[in-house]
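The values are calculated or read from the model by the stated rules, or taken from the named source; none is laboratory data. What you see is a predicted model; the values in this text were computed from it and never measured. All Cβ positions, glycine included, derive from the backbone under ideal geometry; neighbour counts span all protein chains shown.
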Amino acid sequence: MAVKIWILDTTAIILGKKPEGCLTTVPEVIEEVRDRISRLKLEISEIDVEDASDRYIGDIMKNAEKTGDIHRLSGTDIKLLARALELKESGYHAVILTDDYTVQNMAYHLKIPFESVVQKGISKEYKWEKVCSGCRRVTPDHDICPVCGSPVVLKRRN
Ligand SMILES: [Zn+2]
């Protein structure tokens, strides 16, 4: 069984999340954390910091253009996703830890597992459905809309 590698976003690090397994992120996230917390008390040494590679950044941008998420993703988000995609394609069990809806949507689209940082209360559990980004049809069984050919994205129902 492959070791789980968690890719932590800014919120995950600020909240001090340490799930079991290896922890990794990109330098841009560490910069954001330092901007938000002046006296950094976190043991960042536990987190492996590595740059996203250009090739995977390009892959993320291409996919984000297709899903229409490109304008909602920050540079940091793109690099985080690129790092996760690279790990996944290298055969690791990579899981993104993020509460960012757009990052989650992209992860879903790229079949990268993700988990939320902050547990939502049981009564506020969100329901998700797969909706065509073109004609808005609900298409649970496809990644590309069988009617209009647009990419299918994950949308929150409530
Ligand atoms: Zn459609």
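For (1) modelled with pLDDT of 85 or more; (2) under 23 Å from D77 (Cβ atoms), each residue gets a yes or a no:
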site	(1), (2)
I122	no, no
K130	yes, yes
S133	yes, yes
D141	yes, no
TODO: Filter the range 6-29 for residues that are closer than 11 Å to T76 by Cβ and in a strand (DSSP E or B) and give the result.
DONE: T25
